[in-house]
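Peer 1: Next up is a structure, given as structure tokens.
The values are calculated or read from the model by the stated rules, or taken from the named source; none is laboratory data. All values derive from a computational prediction rather than experimental measurement. In this analysis, Cβ positions are derived from the backbone assuming ideal geometry, glycine residues included, and neighbour counts consider all displayed protein chains.
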């Protein structure tokens, strides 16, 4: 039954040779990798407006300059990340660039920053998608977090577990529908702005006032607007997922993505100023803008629904960016090894599940509030931008080809600009939540190092000396005695089955009985004598009715006395019930005993199953 449900939800296992069919074309890759970046136009310009309108609209006129500054920054970062993709065709983005050119600490900083960014991307995207839905249908407001979690686990996680090909097919149509809807909105809005008698930009949208408090507001608005640039790095992280030629296709897709994003971002910012959109509780700026352009007709609902869809799907950028990054970290020993193993559907399923769980916890912790989540946003991605560009400068200097100086200069400018942005975001958003990310990154770096240290220690202890790997000389393995202990409650068929196996692996077998009182102990001894299996029965009395601890103490005493080459094996007789609910009617002593004994040094623990027929 469980297997059938698994196949229904996730699909059949894919053969290794089917990996070629999981590669993406440029059109599908644009939908998969750009949904995060493109969807950010639904909240990026709004976040600028919210901050500037907070001062009784005395700073509203700075919306245009801030939007243009972000557009220039987008162009710089795009050119820089095209070079990152070319230099690292194996994927990994900022982490791969840093580990090759800057060393361990910058690389782990980039990895921690990307981990924070990708998990926040999922939480923000899902929350913003629900916000768009609630703008159109306000009655759903009490169910906001429930809707978030249902979309996250019931749709996004499941579709991604089915594999890259199926997720790309499912997400292509909504992405292009959203692009069509926004372009229709922009063209209609531009036409109205240019043909109506009203000013293209009304005087109230040009209101400006300058002082040092205003400077701080402008910088904070810029920091909020930079959330529109998250996701730019995703393609450089996933170059191996493209069809051949991978690097060329990834480069073209990056340029397409940035071009569409830049046009939509500056267009929506312009229309917000034209219609003088102001913050309205429970209604997004894009919803207000669409209603001003089209009214509450079918086009309004089309754009709201496609916006909701693309915001939900924006999380998919993280599902295609973080698991491959985690697999590279796992390969290098900085994350658990199982994160580097492909699942049945040729995807990194463990990474997909980890990302879903962490994002779900963020949604619950912040109650699905997009504005609070965005306060944590962007610092991680711009920190990784800065590290990547700095690493690329060193990369081109090492390459030293004919154009290395030009390429290094581009990345140096990118590093300087994004480094300044990191400072702006860190300062202006520090008390609004950025401190959490700045606190989280050192914790993640420490965790990475501890995991790596564990794997190094394990490798050292498991390593076979080279002199023992000579095929001309037979390895010397000295076998010792094996003392087998079988804990029993009373002579039964399960015990007989276990003792039969014990005799097959050793001549030294002890049956161990823990008696809670002398009368019960005597009854078991009498029954044992009548049965006479030819195996010694040792009875330990436990007046405090403890069963597990006396057994562990007895095994521990034998372990201290045994010779270095000897072994102690504990065979735990355990019957398996026919129906799962029958298990609830029995204690879990065997499982607890196995768990505690397995921690004993040089003690082998085996469960001997006895399957009940009815």
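Peer 1: Can you tell me which residues in the stretch 518-542 are exposed (fewer than 12 other Cβ atoms within 10 Å of the Cβ) and over 22 Å from residue 597 (Cα atoms)?
Peer 2: 518, 519, 526, 529, 530, 532, 534
Peer 1: In the stretch 391-418, what residues are within 15 Å of residue 94 (Cβ to Cβ) and crowded, with 17+ Cβ neighbours inside 10 Å? Step through it out loud before you land on a result.
Peer 2: Narrowing the stretch 391-418 to residues within 15 Å of residue 94 (Cβ to Cβ): 391-395, 411, 414-415, 418.
Passing the criteria: 391, 392, 393, 395, 411, 414, 415, 418.
Peer 1: Write out, first by first residue and then by second, each pair whose Cβ atoms fall under 7 Å of each other, whose residues are 6+ apart or on separate chains, and whose first residue, in the stretch 545-567, is more than 15 Å from residue 605 (Cα to Cα) while the second is assigned to a helix (DSSP H, G or I).
Peer 2: Pairs that qualify, where the first residue is more than 15 Å from residue 605 (Cα to Cα) and the partner is assigned to a helix (DSSP H, G or I), are 547/589.
Peer 1: Residues that are touching a helix residue (DSSP H, G or I) at 6+ places or on another chain (Cβ under 7 Å) and under 22 Å from residue 421 (Cβ atoms): does the stretch 298-316 have at least one?
Peer 2: Yes, some residue in the stretch 298-316 is touching a helix residue (DSSP H, G or I) at 6+ places or on another chain (Cβ under 7 Å) and under 22 Å from residue 421 (Cβ atoms).
Peer 1: Residues in the stretch 558-580: is at least one surrounded by fewer than 12 Cβ atoms within 10 Å (Cβ to Cβ), in a helix (DSSP H, G or I), at pLDDT 75 or above and out of contact with any helix residue (DSSP H, G or I) (no Cβ under 9 Å at 6 or more places or on another chain)?
Peer 2: Yes, there is a match, as at least one residue in the stretch 558-580 is surrounded by fewer than 12 Cβ atoms within 10 Å (Cβ to Cβ), in a helix (DSSP H, G or I), at pLDDT 75 or above and out of contact with any helix residue (DSSP H, G or I) (no Cβ under 9 Å at 6 or more places or on another chain).
Peer 1: Next question. Pick out, from the stretch 85-156, the helices (runs of 4 or more DSSP H) lying fully within it that include 1 or more residues that are modelled with pLDDT under 80 and farther than 16 Å from residue 358 by Cβ. Give the derivation first.
Peer 2: On the way: elements: 93-101, 104-136, 144-151.
Passing ranges, in order: 93-101, 104-136.
Peer 1: Collect the residues in the stretch 192-205 that are exposed (fewer than 14 other Cβ atoms within 10 Å of the Cβ) and outside any loop (DSSP other than H, G, I, E, B), keeping them in residue-number order.
Peer 2: First, pick out the residues of the stretch 192-205 that are exposed (fewer than 14 other Cβ atoms within 10 Å of the Cβ): 194-200, 202-204.
Of everything in the stretch 192-205, those that are exposed (fewer than 14 other Cβ atoms within 10 Å of the Cβ) and outside any loop (DSSP other than H, G, I, E, B) turn out to be 194, 195, 203, 204.
Peer 1: When you check residue 70 against the structure, is it part of a helix (DSSP H, G or I), modelled with pLDDT of 75 or more, within 21 Å of the chain's Cα centre (by Cα) and buried (at least 17 other Cβ atoms within 10 Å of the Cβ), yes or no? Outline the logic, then answer.
Peer 2: On the way: part of a helix (DSSP H, G or I): yes; modelled with pLDDT of 75 or more: yes; within 21 Å of the chain's Cα centre (by Cα): no; buried (at least 17 other Cβ atoms within 10 Å of the Cβ): yes.
No, not satisfied.
Peer 1: Restricting attention to the stretch 435-448, does a residue exist that is modelled with pLDDT under 80, within 28 Å of residue 78 (Cβ to Cβ), under 26 Å from the mean Cα position of the chain (by Cα) and not assigned by TED's automatic domain parsing to the domain that holds residue 510? If you could, list the steps in order and put the result at the bottom.
Peer 2: In the first step, residues of the stretch 435-448 are kept if they are modelled with pLDDT under 80; the result is 435-438.
Imposing the further condition that a residue be within 28 Å of residue 78 (Cβ to Cβ) reduces the set to 437-438.
Right, trim to under 26 Å from the mean Cα position of the chain (by Cα) and you get 437-438.
Pick out the ones that are also not assigned by TED's automatic domain parsing to the domain that holds residue 510 and you get 437-438.
Yes.
Peer 1: Follow-up. Is it fair to say residue 208 is assigned by TED's automatic domain parsing to the domain that holds residue 84, surrounded by fewer than 18 Cβ atoms within 10 Å (Cβ to Cβ) and within 21 Å of residue 45 (Cα to Cα)?
Peer 2: Details: assigned by TED's automatic domain parsing to the domain that holds residue 84: yes; surrounded by fewer than 18 Cβ atoms within 10 Å (Cβ to Cβ): yes; within 21 Å of residue 45 (Cα to Cα): yes.
In short, yes.
Peer 1: Pick out the one residue from 385, 430, 348, 366 that is in the same structural domain as residue 285 (by TED's automatic domain parsing), within 27 Å of residue 146 (Cβ to Cβ) and either at pLDDT below 85 or in contact with a strand residue (DSSP E or B) (Cβ under 9 Å, 6 or more places away or on another chain) (or both). Talk me through it step by step, then tell me what you get.
Peer 2: On the way: 385 fails: within 27 Å of residue 146 (Cβ to Cβ); 430 fails: within 27 Å of residue 146 (Cβ to Cβ); 348 fails: within 27 Å of residue 146 (Cβ to Cβ).
Answer to the selection: 366.
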